1. Within segment 369-393, how many residues turn out to be touching a strand residue (DSSP E or B) at 6+ places or on another chain (Cβ under 7 Å) and surrounded by fewer than 16 Cβ atoms within 10 Å (Cβ to Cβ)?
2. Of the residues 143, 107, only one is touching a residue at least 12 places away in the same chain (Cβ under 8 Å), crowded, with 18+ Cβ neighbours inside 10 Å and closer than 19 Å to residue 56 by Cβ; which?
3. Does residue 331 fit the bill of being more than 18 Å from residue 274 (Cα to Cα), modelled with pLDDT under 95 and part of a helix (DSSP H, G or I)?
4. I'd like to know if segment 301-315 contains one or more residues that are assigned to a helix (DSSP H, G or I), surrounded by 14 or more Cβ atoms within 10 Å (Cβ to Cβ) and either over 41 Å from the mean Cα position of the chain (by Cα) or at pLDDT 90 or above (or both).
5. Quick one: would you say residue 404 is at pLDDT 90 or above, touching a strand residue (DSSP E or B) at 6+ places or on another chain (Cβ under 8 Å), surrounded by 21 or more Cβ atoms within 10 Å (Cβ to Cβ) and part of a loop (DSSP other than H, G, I, E, B)?
6. Of the residues 164, 131, which is closer than 30 Å to residue 40 by Cβ, surrounded by fewer than 21 Cβ atoms within 10 Å (Cβ to Cβ) and either modelled with pLDDT of 80 or more or in contact with a strand residue (DSSP E or B) (Cβ under 6 Å, 6 or more places away or on another chain) (or both)?
7. Quick check on my filter: what residues within segment 96-126 are within 20 Å of residue 170 (Cβ to Cβ), assigned to a loop (DSSP other than H, G, I, E, B) and either in contact with a helix residue (DSSP H, G or I) (Cβ under 8 Å, 6 or more places away or on another chain) or at pLDDT below 80 (or both)?
8. Restricting to segment 59-95, what's the tally of residues that are more than 23 Å from residue 156 (Cβ to Cβ), touching a strand residue (DSSP E or B) at 6+ places or on another chain (Cβ under 7 Å) and either surrounded by fewer than 23 Cβ atoms within 10 Å (Cβ to Cβ) or modelled with pLDDT of 95 or more (or both)?
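The values are calculated or read from the model by the stated rules, or taken from the named source; none is laboratory data. Quantities reported herein were computed from a predicted structural model and do not represent experimental measurements. When we count neighbours, we look across all protein chains shown, and the Cβ atoms used for this are built from the backbone with ideal geometry, even at glycine.
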């Protein structure tokens, strides 16, 4: 047919619309194999705050201990409910044995005390006299208890201390809650840069060897800084850095060693998120960063999902059935309609969560995924932790509805 004829008849030849690209299917995250592998020595659970990293860490530690490994879980969460769920009155800066009846291995737990950890570093790497000077210094007391990044750095320090011994088959780390999950990776170098930074060196130059005679320009600068910071604070900083001067190299060396420890074979990162846009966006950033730093990523745990009890009835059909039940006027119709509407709401929520998980997988098809249903309440004992551990480590296809554990709803048929 000629172009003129096509124009006359009003018909145009159109290219067929290309089919929509298939949704990427997530790879299964086999955490049981990970934590029982003797070559796995460190598991780092990371992610945004409030996504369940602490409970995930404890549940994995419990599963590993019941599988026969000697495990210590290092948590940063000061909430007492974790200690209570482990059957302990409280947790502190030293590992405490957790009584797990029937376990083939051992479970120990500890909660990071960042000031005590910093104090231990000072005592271990300086003379008693210099350590006393540092510990009593007001600037140090502020730095060791509230300086931004100190908690993340001390978590890394404690990890290095635990790994230096051969007492533990497996160390599981619950990273600190922070505005950005990337802070944990940045902490060692950031602390090292601060303590050995140009500004700190400049502020304390007159007290350091080789700077006994300060220039007129520096003295002018020092007076300005003294007015801004306060003379006493400047003197505290100067005394602190002078006392800590011999330890600068140690901070750099330990920061480098701990960072490299995270890249070695035997270390795995598990990113934890909830099925919410912000949490998954943070998880995506962390996955990209781990990839850029060539650090080993095990996969993503999507925590607190809401899978329905059955996937045979869609939300639309459930709403329709609820209307029909009410219109029938039969005995128990209101109860049946209420149950159907609850199911419809659950299906709608699960569909939304699956859509968000699919978006993450489309962006990161190489990342394995494990979904964990939300608990009915807070985890407050070993039985609750064990339920979560089963969800984390159970076979991918072993679920009541038959939906693989890497998904919330079954994949659409093509």
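1. So the answer is 1.
2. Details: 143 fails: closer than 19 Å to residue 56 by Cβ.
None of the others qualify; the one that does is 107.
3. Details: more than 18 Å from residue 274 (Cα to Cα): yes; modelled with pLDDT under 95: yes; part of a helix (DSSP H, G or I): no.
When the stated conditions are applied, residue 331 does not pass them.
4. Yes - at least one qualifying residue is present in segment 301-315.
5. No, not satisfied.
6. On the way: 131 fails: closer than 30 Å to residue 40 by Cβ.
Going through 164, 131 in turn, just one is closer than 30 Å to residue 40 by Cβ, surrounded by fewer than 21 Cβ atoms within 10 Å (Cβ to Cβ) and either modelled with pLDDT of 80 or more or in contact with a strand residue (DSSP E or B) (Cβ under 6 Å, 6 or more places away or on another chain) (or both): 164.
7. Residues satisfying the conditions are 100, 102, 103, 104, 105, 112.
8. Number of matching residues: 4.
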